[in-house]
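> Supplied in structure tokens, the structure appears directly below.
Read-outs: derived from the displayed coordinates by stated rules, not from any lab. Fair warning: this is a prediction, and the values are worked out from it, not measured in the lab. Because the Cβ atoms are built from the backbone with ideal geometry, glycine has one as well, and the counts that use them run over all protein chains shown.
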Amino acid sequence: MPKSAWDCPKHAERGCPSLGSVRPRRHQQSSTVMTGTMVSLSQPAQGALVLASASVFQAGLASPENSEQLIIALEPEAASIYCRKLRLHQMIELSGKAAVNGYSASDTVGAGFAQAKEHVRRNRQSRTFLVENVIGEIWSELEEGDKYVVVDSGGGTVDLTVHQIRLPEGHLKELYKATGGPYGSLGVDYEFEKLLCKIFGEDFIEQFKIKRPAAWVDLMIAFESRKRAAAPDRTNPLNITLPFSFIDYYKKFRGHSVEHALRKSNVDFVKWSSQGMLRMSPDAMNALFKPTIDSIIEHLRDLFQKPEVCTVKFLFLVGGFAEAPLLQQAVHAAFGDKCRIIIPQDVGLTILKGAVLFGLDPAVIKVRRSPLTYGVGVLNRYVEGKHPPEKLLVKDGTRWCTDVFDKFISADQSVALGELVKRSYTPAKPSQLVIVINIYSSEQDTVSFITDPGVKKCGTLRLDLTGTSGTAVPARREIQTLMQFGDTEIKATAIDIATSKSVKVGIDFLNY
């Protein structure tokens, strides 16, 4: 039987609803999704889900009233969906376990990628986009329970996800919650900026970025083009053109030339060219990649130490940064003996193509891992010795514990697609016309109270019961709260059992 509670302004200010909790009941349910607009997002940014939805609604591509027309595709998942259907002519294998696309293990990584691009250029028909019911060559090597890792290496972040094949339909199960870090190619740009600060002075670089922003962008674009030419076996220097405004502004700022600054600096591997360019040795360029690549390799090593990951069969390297031969070589050297390392052709489009496949079949991923712990704030009966004294609240002779976190699901818990977790609560007064239930999240698995460190409010269910005064209300009114997990978005619903009135809400990580 639901426990009773009451409205208390003192605790309403802290977001604690006037509800008591009862034993939860769980069941599973599948949902049908209508495809309208597709958005792909990086996994770690939970707030991006809300921001993307709001942007789509504001642009008129979908509406909040028909929110089911918007499907959120997570980038690592989209890459995974596409990679499992690769054919041999659509991939390059770095592990050297077998010749793929006619390239042997003796070929260098950079050479193999260049040859593969030429192969695709000569055979445009091989770039045909795979539809959902086409089975790729990789598929023939996958067996029930096989695991693979997808490394989505982009500009800002690197996202890792681990999936397991479930035959015969080829559905996917997420084995380890997607993780990531700020190890994208922008880290190389940051190292280049640090190098410029070392040569020309941090004060000058900061002023130049403020006073000449367009020229700074031109300089970074010039670096970007040369960055793409970096390779393990490169012997020729790389020339980076300095904008004229950089040279001119430096002379005004310091009173001497850029060439003079290079001669006076202790950076021996960067020279000045009479054509107005910085001439970097291959080793100097490679050194700019090292901190970022080392972070990626370390993150992967940590992942491979997990029991559920150590027996993976494939590692798919996708994203724009995956085109970098230096990253390819580092991944191959570290993990080539553990699994087969594969890069799709048109690696920068992998996520886009996978997102389209996901839109055709959003139910392809049957099991996901919850990124956070979710629950609601409630009042429970106070138990001496279990609850802290500061949470004690006495009302009408009844002792209550405030700010209790009633957990719906734990971080890293496996949840099936469309799985519902249900709780029943009773309001303070059966005649209450507004029921407020606040939803909270935390990165921690064990959470006791909504005031614990790291607990954040991420949603509110406001059930308006006005207009139901004529309805017969039971003495102990029951409000059911349901949370639906397993999809790329989390949905919550509150239902008044007496009147069948309900309200729905999505989890919001931005407005709380």
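> Quick one: order PHE485, PHE204 by neighbouring beta-carbon count within 10 Å, fewest to most.
In increasing order of surrounding Cβ atoms, one gets PHE204, PHE485.
> Please work out the FRET efficiency for the pair THR451 and LYS504, using the Cβ-Cβ distance as r and a Förster radius of 35 Å; give the result to the nearest 0.05.
The computed FRET efficiency comes out at 0.80.
> Pairs of alpha-carbon atoms within less than 8 angstrom and 6+ residues apart define the contacts here; what relative contact order does segment 186-288 have, in percent?
31
> If I stretch the segment between VAL383 and ILE247 completely, what's the gain in nm (0.36 nm per residue apart, minus their alpha carbon distance), one decimal?
On the way: separation 136, 0.36 × 136 = 48.96 nm, distance 7.30 nm.
Full-extension gain reported as 41.7 nm.
> Which order do LEU160, LEU74, LEU463, LEU186 fall in if you start with the one that has the fewest other Cβ atoms within 10 Å?
LEU186, LEU463, LEU160, LEU74
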